[in-house]
Protein chains: 2
Amino acid sequence: MRCFHFCKLPGRVMGIRLLRFTSVVIIVLLLVAGALTALLPTIKDDKLPNSRREPKIQSQSALDSFTLIMQTYNRTDLLLKLLNHYQAIPHLHKVIVVWNNIGEKTPEEMWNSLGPHPVPVVFKVQTVNRMRNRLQNFPDLETKAVLMMDDDTLVSAHDLAFAFSVWQQFPEHIVGFVPRKHISTPSGVYSYGSFELQNPGLGNGDQYSMVLIGAAFFHSGYLEDFQHQPEAVYALIDETQNCDDIAMNFLVAKHTGKPSGVFVKPVDIRNLEKDTNSGYSGMWHRAEHLLQRSYCVNKLVNIYDGMPLKYSNIMISQFGFPNYANHKNKM
Amino acid sequence: MRCFHFCKLPGRVMGIRLLRFTSVVIIVLLLVAGALTALLPTIKDDKLPNSRREPKIQSQSALDSFTLIMQTYNRTDLLLKLLNHYQAIPHLHKVIVVWNNIGEKTPEEMWNSLGPHPVPVVFKVQTVNRMRNRLQNFPDLETKAVLMMDDDTLVSAHDLAFAFSVWQQFPEHIVGFVPRKHISTPSGVYSYGSFELQNPGLGNGDQYSMVLIGAAFFHSGYLEDFQHQPEAVYALIDETQNCDDIAMNFLVAKHTGKPSGVFVKPVDIRNLEKDTNSGYSGMWHRAEHLLQRSYCVNKLVNIYDGMPLKYSNIMISQFGFPNYANHKNKM
């Protein structure tokens, strides 16, 4: 056999020995590498230590689409009706259903049997029926934007497409369809409400200081942030089975130093509560619901040692929709 | 006379000499300082080389108030009616009237005789009747914000107060009450118009790409920037006696890379044209007015080597005003 450099060494014997030696070394290295690979820990879907998760999807999609998170309890008929509507919303990436019907099977089988579907829908089975289950930092979340909807709320695709485009211009805010406010009183005690409460006295018209997350877009990073709030916040939400949305507004307002929400006036938003066969009506029908929310505002002010909520009177609508001349004036 | 440390030196004679010497030095220094002060150049009101002028008013006021710039030609009766209204708008710092009535006396005497007035009003006498006279970087301007109004346009104080608060949240945009758009055609030629033109085809509803400066707030820095545009821009505006507002929108869009304007839907805006005794009706009644504006759009695209205008469909209204429940929905 031909040799080159090595064979100039004294004798072929040296060449063959070297060749054997080299081959043995290579084989040993491969075995070691193989062993090491087998010993590597499997990559789990652990939460990254900071709020910026590495998106598995193209980063363009991560910005241009959103994930719908819908928590459901005792209204599966409404859930399925709404899923049929929401699964086809433009720019929707995925649906996460937070299944609060403890011990009950999800409709996943039925869902799959009625496929194919425009987007993936994942059912997250919960172990305890908690209001704040929907505020987990779900590993399934791949987009920067979350659309959170109550399981009895129907918002038109036009409204959602527009509100999503508004969120893209105000990504640090909760951009949604339901504005609320707090007012302070001479005693220093806060009260929670809506248009029926007095205006905060900042000039003409009304103000809002919260946008409810039951029909809103917000940055998925806030779900991560929510995992790092004082224990007392979780205790409050669990105690009342309420106020998770107020807590989120406190969180966002503290984070930005600005009004937490941007209100987009919906053209077509409906509550389908009365349409359910379950006979179950939402939590907000409880007699103490609003009083609880005022209670929560005051408790959160204690927990956060101050009132971070800020007022806004900006109301955003879509130019020229639905009426091409909805901006005409008498000029 | 008593001495202390110095008098411990040999003899009082030394102390007195030192005292005299010190006094002489002090006096000489004072004389030199006085001479230098006298020789300092007087501080003229020259434009600073960059667009950030040193405000003479408290910097808080500079941000919290605005200057009204109103150009006027052949409608002094309307001007005075509008001045009575606008002089009392909240947060107004000063009024600058751009007097395009060449050779005619301003109503300054009459104005002063009917004082006192809430804010100073300065009449800037022009030498040539030019549309772009109002776009000078007036030394009288002390605020960051400019409110520019046509001399036949009446906007309610509520609208102005709200729009000013919106401008403070969007200071790099033209925040105003009159949206317009351009559309492109397959031939590449642009056309200018309003709701009557086809939508730009970016989803539902309409879009706007300009907010006219005849009823709008914008940053005073843009007046400085306007002084540094290509000569062809001035030539175009002078040739048409039109399109200064389109040029400003091009300037702002180029500067920000975003839509130039933010449209605030006015509750009460009126054109007082028909109320004038002068019989003079505005330039926009000329047969060629709109065609000129399409012409200007295309010329400006040539001058700026591209189309910088961007579309927006954000329409802003004031929450809860005038109707406390203008945001109620059928939920």
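Condition check: of a type outside the set (A, V, I, L, M, F, W, C) and more than 24 Å from the chain's Cα centre (by Cα). Does A:GLU288 satisfy that?
Against the criterion (of a type outside the set (A, V, I, L, M, F, W, C) and more than 24 Å from the chain's Cα centre (by Cα)), A:GLU288 qualifies.
Just for the stretch A:84-100: of the residues that are touching a Ser or Thr at 6+ places or on another chain (Cβ under 7 Å) and open to solvent by 10 Å² or more (accessible area, probe 1.4 Å), which one is farthest from A:GLU142 (Cα to Cα)?
A:HIS91
Residue by residue through the stretch A:242-261, note down the ones that are in contact with a Gly (Cβ under 9 Å, 6 or more places away or on another chain) and within 14 Å of chain B (Cβ to nearest Cβ).
The one that is in contact with a Gly (Cβ under 9 Å, 6 or more places away or on another chain) and within 14 Å of chain B (Cβ to nearest Cβ): A:GLY261.
Name the single residue, out of those in the stretch A:300-324 being part of a loop (DSSP other than H, G, I, E, B) and away from chain B (no Cβ under 14 Å), that is most open to solvent (accessible area, probe 1.4 Å).
The extreme case among them is A:ASP305.
Exactly one of these conditions fails for A:VAL264: (1) open to solvent by 10 Å² or more (accessible area, probe 1.4 Å); (2) of a type in the set (A, V, I, L, M); (3) within 14 Å of chain B (Cβ to nearest Cβ). Give me its number.
Result: A:VAL264 passes all but (1).
Taking strands (runs of 3 or more DSSP E) that do not extend beyond the stretch A:150-261, which have at least 3 residues that are under 17 Å from the mean Cα position of the chain (by Cα) and of a type in the set (A, V, I, L, M, F, W, C)?
A:215-219
Is it the case, given these coordinates, that A:VAL297 is crowded, with 22+ Cβ neighbours inside 10 Å, within 14 Å of another protein chain (Cβ to nearest Cβ) and closer than 30 Å to B:PHE162 by Cα?
no
Report the residue count in the stretch B:262-299 for those that are among the basic types (Lys, Arg), part of a helix (DSSP H, G or I) and under 30 Å from B:GLY188 (Cβ atoms).
Residues in the stretch B:262-299 being among the basic types (Lys, Arg), part of a helix (DSSP H, G or I) and under 30 Å from B:GLY188 (Cβ atoms): 2 in total.
Return only the number of the condition from (1) modelled with pLDDT under 95; (2) open to solvent by 20 Å² or more (accessible area, probe 1.4 Å); (3) touching a helix residue (DSSP H, G or I) at 6+ places or on another chain (Cβ under 7 Å) that A:LYS330 does not satisfy.
For A:LYS330, the exception is condition (3).
Quick one: is A:SER187 within 13 Å of chain B (Cβ to nearest Cβ) and open to solvent by 10 Å² or more (accessible area, probe 1.4 Å)?
The answer is no for A:SER187.
Do you know which residues across the stretch A:109-149 are open to solvent by 20 Å² or more (accessible area, probe 1.4 Å), touching a residue at least 60 places away in the same chain (Cβ under 8 Å) and outside any helix (DSSP H, G or I)?
A:ARG130, A:GLN136, A:PRO139, A:ASP140, A:GLU142, A:LYS144
The values are calculated or read from the model by the stated rules, or taken from the named source; none is laboratory data. No experiment lies behind these values; they were computed from the predicted model shown. For neighbour counting, all protein chains shown are included, and Cβ atoms are generated from backbone atoms with ideal geometry for every residue, glycine included. SASA here: full protein model, heavy atoms, side chains in, ligands and nucleic acids out. Shrake-Rupley method; radii C 1.70, N 1.55, O 1.52, S 1.80 Å.
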